[in-house]
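Participant: One structure coming up, written as structure tokens, with questions to follow.
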Amino acid sequence: MNQRAPLTPANCFLGGFDYMPLDVDRLRKSRAWLIAKRRPELAFYMVNLWTASWKETPAASLEDDDDVLADAAMCPPDRWAELKEDVLRGFVLCDDGRLYHEVIAVKALEAWLEKLGMRISSGYGNAKKHGATFDDSHLRDQIQIARDLLFTIHPDSKYFTKRAGAGTAPAKKPPKARAPKVAKAAPKADATDSIPLGSTVGADQGPNGLAIHPTPLLSTPPSVGGTPPTTPSAGAPGGAGAATETKPPRKPPIDMANRNLVLPDWLAPHAVAWGQFEENRWAKHPRAPYTLAAQRGILAKLEKLHDDGQNLHEVLMASVRNSWTDVFAQRNTTRVAGSAGGAPRFAGASAVVFGASREAGDFNA
């Protein structure tokens, strides 16, 4: 094994991350899994080592000691020498004397960067709450170290692809030109408007040849010394019955959910599952807007489920898998000790160590 620099920072510890992502497609196409297909016992030992390295410090590493490795793999000590080379496929020895798995290191660095980002967000949130100041320089230094390591191992990581083009807003479309308003044509004058004031309509002008008595066309005589005041008719512009154009009232803006929410202590260990649930909720906008009221309601419901002893990771991941917009209590769970108030906590009976990953990776060395 060629020695190289450690693949994860020395202080990289993923406590609180209850699952390790597993790229199923990449694993099934790997050489390691082909060997395990012929000798299934090797898959058991490999998975045990992968999960053990996820919880180590630094994450994705193991101590280079045969007794420790055989115990972590749950392999009989008398068979370890025979199986060691195949079981340790994908691990490399680094200059700190520990074994690192490159693919697991990529997943660990992505989770570590997410954890550091949440620490910065929580620090600023608590500082604002208590009217204090927060110095994030040490956390940003750790982020830079982790970014450099991740870019060296896997420059196409989802951590970088998600941030490609961040900070550049799309150009706004120019406003559409409005057509000029066309003046309305003046109303046509009635036939009687052309008859001089005071003239008469003769009998021969009646309809259907019927004779009518001559009648003078009266109009309001002008007042002495001036013209009479004019009152707009009901249909005239500005009159009492004139139609007024009113725009429909604008709908009040929707108060969307808080993207920089500071997680409470009881939810912080499940930050990754919460992030996936919120990502699912934001994706449903505008068909199902993720409002601030909805976010508060879900948090209140999660707190109630936490007090009832539910495993919040299983609750959130069930909503993610089923694309639900809400969270629900899980029935098929087993009780484990440790809930608030002495009540037993729940853990999913079908919970597995690995979660589905959306990015490809290779478990070959």
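Participant: Which pairs do you get when a residue that is in the same structural domain as Ala268 (by TED's automatic domain parsing), found in the range 308-331, comes within reach of a residue that is surrounded by fewer than 17 Cβ atoms within 10 Å (Cβ to Cβ) and β-branched (Val, Ile, Thr), reach meaning Cβ atoms under 8 angstrom, with the pair 6+ apart or on two chains?
Facilitator: Filtered contacts from the range 308-331: Ser319/Thr325.
Here's the yes/no breakdown for (1) assigned by TED's automatic domain parsing to the domain that holds His101; (2) closer than 13 Å to Ala108 by Cβ; (3) surrounded by fewer than 21 Cβ atoms within 10 Å (Cβ to Cβ):
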site	(1), (2), (3)
Cys12	yes, yes, no
Phe17	yes, yes, no
Arg31	yes, no, yes
Ile35	yes, no, yes
Met46	yes, no, no
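Participant: Shifting gears a bit: Would you point out which residue out of Ile120, Ile145, Ile153 is surrounded by 10 or more Cβ atoms within 10 Å (Cβ to Cβ), out of contact with any helix residue (DSSP H, G or I) (no Cβ under 9 Å at 6 or more places or on another chain), in the same structural domain as Tyr19 (by TED's automatic domain parsing) and modelled with pLDDT of 80 or more?
Facilitator: Result of the check over Ile120, Ile145, Ile153: Ile145.
Participant: Can you find, within the range 300-335, the residue that is surrounded by the most Cβ atoms within 10 Å (Cβ to Cβ) among those that are among the hydrophobic types (A, V, I, L, M, F, W, C) and more than 18 Å from Val272 (Cβ to Cβ)?
Facilitator: The qualifying residue surrounded by the most Cβ atoms within 10 Å (Cβ to Cβ) is Ala329.
Participant: Just wondering, is there one or more residues in the range 247-257 that are of a type in the set (Gly, Ala, Ser), in contact (Cβ under 8 Å) with a residue 24 or more places away in the chain and assigned to a helix (DSSP H, G or I)?
Facilitator: Scanning the range 247-257 turns up no residue that is of a type in the set (Gly, Ala, Ser), in contact (Cβ under 8 Å) with a residue 24 or more places away in the chain and assigned to a helix (DSSP H, G or I).
Participant: Look through Glu279, Glu303 and report the one residue that is within 17 Å of Ser323 (Cα to Cα) and charged (D, E, K, R).
Facilitator: Testing whether each residue is within 17 Å of Ser323 (Cα to Cα) and charged (D, E, K, R) leaves just Glu279.
Participant: Within the range 328-343, can one find any residue that is farther than 25 Å from Ile120 by Cβ, at pLDDT 90 or above and touching a helix residue (DSSP H, G or I) at 6+ places or on another chain (Cβ under 8 Å)?
Facilitator: yes
Participant: Find the residue count for the range 1-46, including only residues that are within 31 Å of the chain's Cα centre (by Cα), in contact (Cβ under 8 Å) with a residue 24 or more places away in the chain and not in a loop (DSSP other than H, G, I, E, B).
Facilitator: Number of matching residues: 7.
The values are calculated or read from the model by the stated rules, or taken from the named source; none is laboratory data. None of these values were measured; they are calculated from a predicted model. Glycine gets a Cβ as well: all are built from the backbone with ideal geometry, and neighbour counts include every protein chain shown.
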